[in-house]
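**Q** Structure in structure tokens, see below.
Please treat every number below as a calculation from the coordinates, not as lab data. Remember, it's a predicted structure, so these values are computed and weren't measured experimentally. Every residue, glycine as well, gets a Cβ built from its backbone with ideal geometry; the counts of neighbours run over all protein chains shown.
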Amino acid sequence: MMVGSDVEGAVQADAALAALARDGDRDAFGQLVERHYDFVFRVAYRWLADETDAEDVAQEVCIKLGRAIRGYAGRAAFTTWLYRLTLNTARDYSRGQSRENQRNRAFVREAEVLGRGDQAPDEQQSIHLWQAVRSLPEKQRDSVLLVYGEGLSHGDAADILDCAESTVSWHIHAAKKRLKGVLRHVEDEL
């Protein structure tokens, strides 16, 4: 885990690499991709819950990053900007999938989850909870995933989602109300 000075050093290193990459330095761009690829994959996986899809999104983010780096002005931390790029790419990817394909994959995943009788109830509840979170309306889902899935503060999530902190808090509140019914149903089943 990084402590304050390590985080500041990483932020400064990212800013320096981003500035060089923005000016066309391919080595700096390669270092940025190398430093943050696992981060991008993890964020994409949290959104999509599928390793193959997350890998596709991570690769797409790297391609988009090559074009978008010129637009990075350094007003926010590079990782905040990269979160936004990854989130938008995951959304686009998800929307681009055909509805039939999504239904088929959801059916297969659900069959796998329900067929796992060897999992502890807590594991099953967690799986059902994250599935329910992914089915929330987009703004609620994104807020919950950033705060609870990624461990960000409401303020950091607001920066990424480009909205007010109170808006993130409201989306989380609305999501919790919506998820209460789902959790009660899951507990009854278990």
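**Q** Through the Karplus equation 6.51 cos²θ - 1.76 cosθ + 1.60, θ set to phi - 60°, convert the phi angles of the range 169-179 into ³J(HN,Hα) values in whole Hz; use x for Gly and Pro.
**A** Those phi angles translate into 4, 5, 4, 5, 4, 5, 5, 4, 4, 5, 6 Hz.
**Q** Would you calculate the separation in nanometres between label points at K176 and A16, each defined as 7 Å from the Cα along the Cα-to-beta-carbon direction?
**A** Distance between the two pseudo-spin positions: 4.2 nm.
**Q** Then there is this: Give me the one-decimal nm value for the distance between modelled label points at D38 and R67, 7 Å along each residue's Cα-to-Cβ direction.
**A** It is 2.9 nm.
**Q** Another question, then. Which order results if S169, S143, S153 are arranged by neighbouring Cβ count within 10 Å, fewest first?
**A** Listing S169, S143, S153 from fewest to most nearby Cβ atoms yields S153, S169, S143.
**Q** With respect to the cross-link table entries K64/K176; K64/K139; K139/K177, which display a Cα-Cα separation exceeding 26 Å?
**A** Result: K64/K176 exceed 26 Å.
**Q** Here is a follow-up. For the pair Q59 and D27, what calculated FRET efficiency results from E = 1/(1 + (r/R0)^6), where r is the Cβ-Cβ distance and R0 = 22 Å, to the nearest 0.05?
**A** 0.65
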